[in-house]
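Trainee: Please find one structure pasted underneath; my questions will follow.
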Amino acid sequence: MRLTKSIIAGMTVALVALSSLALKSNVPGEFMSMELVDKDYTPIVGGTELEDVDFILPPNVQDSDDGYHKIDIGFPFEYNGEVYTELWISVNGFVTFDRPNFLPQTNPRGLFRDLPSTYQQNVLAPFWGDHIFRNKVDELNNYVETTISYKGDADMMVIEWKDLNIMDKTKPSSIADFQVILYRSDDPATPQGDIEFAYGQVGGNTLTNETIVVTRGASVGIKGEFDDFMNGLFPISDEPDGTSGVSSAATDSTNLSNAWQPSGASNYRILFTAKKTLNIEESWGDGDVDFSKTPGQRHFNLPQNRYVTFNDVRLILRSMATQIPLDSVRRRAAYHGDVNHNGRYYYRTNGGNDEKVEIRSQDENYFDNIPNEVTSLKKVFYQVNEHDAAIILQYLSASTTQLPWLIPDEVVFDPKQANVADNIVVGDKEVLNGKTVVPVYINNNHYGPLSISFDVNASVNGVRTELNNEFQMTDHGTNSVFFAASAKEFDSKEAVFYVELTDLNGNLTLNNIRVNDKPVGTITEASEVSSANLVVTPNPFVNGMSTYSVNVPQEGNYTLSVFDAVGNKVSEIYSGNINSSATNVLELNDVYGNELNSGVYFIKLEGKGVNEIEKIIINR
């Protein structure tokens, strides 16, 4: 059986429909778990108390209902990709790291909405609702005085709302105590710390005989900048499969609280445990995927040629093979792995559907060429693929002076080499020890980084290479193959790797083929429909002249055509009647009579139920 190509031309797909959960990758991606912890509520003693006049709305408008007060955290604290040293306390049961938009934040559903002109962003909300700060004057109307205070040290900051008149301003008895606690990171490499919500008692106003306390309708949780939130009403220890400590309900549900305490009891707190993910601003595409150059790691304070290693390549290929992307948030793993600076993307809502939009321009700075519809750099994510891995191998082979790799001319190409590989060629498959082995070639000699990936309609048992080259690496998924390498020259006449397959059912088909970061189509195996036989000798051609012999099952009209490696028909060398056999001298020219360049081609015989392909190589 021979292999033929059906090339499906197409541009890089820029818009891909995604689930709502995929869009919530900022704040949920910051935390490894959200769970209940057994710890008693501890009121603040000796903290800094704020009065109602401390909560203001500019310009210099005092408002104890919807005001804010700014405080210093006391230590650097990372949240949603930024490091903060101060925050703003809102009377309405939340704190925000952003300067307030100074609009009344009385709607607790603001925790779930991406409307920055209306709702505050980057919020920690132990109990977001329509609350009011009561002062001494309000005591005349049987309201107990509210105390909002904070207390911090080198390791944590506690903000407390005590005797806050919650949810129903007409009920003096509707009061509650609750806190948000920020913990300083214990990891010297990152200031990303844990967050905790604690809840005391409700009611207890001795100035009134009423006992009604309204605890329904507030929101509990944390939010980022574009519908990326975690609803604190759904804490768990682990997902059912044991892979995560953040439930899908926490990132999807917009339920509001309906009982006190939201944590279940005063001796339980809601704890958001940070992933302690490293966050380095200045190094887009430096190749340090595993963050080995950060404090406490093995390559701290060492130069790039020490902290970029084969492990960075391995992590990229493993992420491709498992389809578990590297952390896509800015300054995280994919940000550092995007060494050719073309992996940015963002999300767009279009007609109710969430779409992924890729920014394919290769820019020096991550903020260049960002479309106007992207209102925050935190909405820009990063992705890597096998070609980034190949470029890192190019750097490791000392053929590139530094990363990021923005100047392809850094690679010293052979001036005689006019072509580079832009597709693959699949050789004849063999069955060895119950496995189908398929060799994979490139369509032209190639210099520098080389990457190949594709899906296959069989189970991939393994990928092996016989190239004498240490700067290469492969990985595979259940039905996918990923290859990255760098060399001064790859010979198109040598297989770059062999794929071992099992469970092949029917004709072999390779889909989603990508060569050197460019999609190139599909390869489909042709069926044998007759006993026709096409033989070309010698092969490879050495001087442009050869002979071919054809055996056909029955006399009739047949066509013999030549196609290049990407499926383009370059000439028709015979069309007419063929008896039971024929032998002819073959001269390979294009449709204009010009000699074909060196490379891989296919001769195709068609007619009377015959469809057969023979691969030939021209080596002038």
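The values are calculated or read from the model by the stated rules, or taken from the named source; none is laboratory data. Keep in mind it's a predicted model, so treat the numbers as computed, not measured. With ideal geometry, Cβ positions are generated from the backbone for all residues, glycine too; neighbour counts draw on all protein chains shown.
Trainee: Given ASN469, ASN512, ASN507, which one is surrounded by fewer than 21 Cβ atoms within 10 Å (Cβ to Cβ), part of a strand (DSSP E or B) and either basic (Lys, Arg) or in contact with a strand residue (DSSP E or B) (Cβ under 6 Å, 6 or more places away or on another chain) (or both)?
Mentor: On inspection, the qualifying residue turns out to be ASN512.
Yes/no per residue for (1) hydroxyl-bearing (Ser, Thr, Tyr); (2) more than 19 Å from TRP161 (Cα to Cα); (3) in contact with a Cys (Cβ under 9 Å, 6 or more places away or on another chain); (4) at pLDDT below 80:
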| residue | (1), (2), (3), (4) |
| --- | --- |
| GLY10 | no, yes, no, yes |
| ASN26 | no, yes, no, yes |
| TYR41 | yes, no, no, no |
| ASP52 | no, no, no, no |
| ASP72 | no, no, no, no |
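Trainee: If you check ALA487, ALA495, which single one turns out to be closer than 22 Å to VAL600 by Cα, crowded, with 17+ Cβ neighbours inside 10 Å, touching a Gly at 6+ places or on another chain (Cβ under 7 Å) and at pLDDT below 95?
Mentor: Exactly one residue qualifies, and that residue is ALA495.
Trainee: Consider ILE71 against the criteria (1) touching a strand residue (DSSP E or B) at 6+ places or on another chain (Cβ under 7 Å); (2) closer than 30 Å to TYR335 by Cα; (3) of a type in the set (A, V, I, L, M): it satisfies all of them except one. Which criterion is unmet?
Mentor: Against the list (1) touching a strand residue (DSSP E or B) at 6+ places or on another chain (Cβ under 7 Å); (2) closer than 30 Å to TYR335 by Cα; (3) of a type in the set (A, V, I, L, M), ILE71 comes up short only on (2).
Trainee: Something else about it: Answer yes if at least one residue in segment 405-412 is of a type outside the set (A, V, I, L, M, F, W, C), more than 30 Å from ASN511 (Cα to Cα) and modelled with pLDDT under 90, and no otherwise.
Mentor: Looking for residues that are of a type outside the set (A, V, I, L, M, F, W, C), more than 30 Å from ASN511 (Cα to Cα) and modelled with pLDDT under 90, one finds at least one in segment 405-412, hence yes.
Trainee: If you don't mind, there's one more thing I want to ask. Only one of VAL437, VAL420 is part of a loop (DSSP other than H, G, I, E, B), touching a Phe, Trp or Tyr at 6+ places or on another chain (Cβ under 8 Å) and outside the structural domain of ILE324 (by TED's automatic domain parsing); which?
Mentor: After applying the criteria, what remains is VAL420.
Trainee: Just one of GLY232, GLY224 is closer than 21 Å to GLN121 by Cα and at pLDDT 95 or above; which is it?
Mentor: It is GLY232.
Trainee: Please pick out the residue among THR559, THR583 that is at pLDDT below 75 and part of a strand (DSSP E or B).
Mentor: One residue alone meets the criteria, THR583.
Trainee: Also: Which of the strands (runs of 3 or more DSSP E) found entirely inside segment 98-180 contain at least 1 residues meeting this: touching a residue at least 24 places away in the same chain (Cβ under 8 Å) and over 41 Å from the mean Cα position of the chain (by Cα)?
Mentor: 147-152, 156-165
Trainee: Would you check which residues across segment 427-439 are within 21 Å of THR524 (Cα to Cα) and surrounded by fewer than 22 Cβ atoms within 10 Å (Cβ to Cβ) and list them?
Mentor: Result: GLY427, ASP428, LYS429, GLU430, VAL431, LYS435, THR436, VAL437, PRO439.
Trainee: Assigned by TED's automatic domain parsing to the domain that holds VAL380 and at pLDDT below 85: which single residue out of ASP338, ASP354 fits that description?
Mentor: After ruling out the rest, the residue left standing is ASP354.
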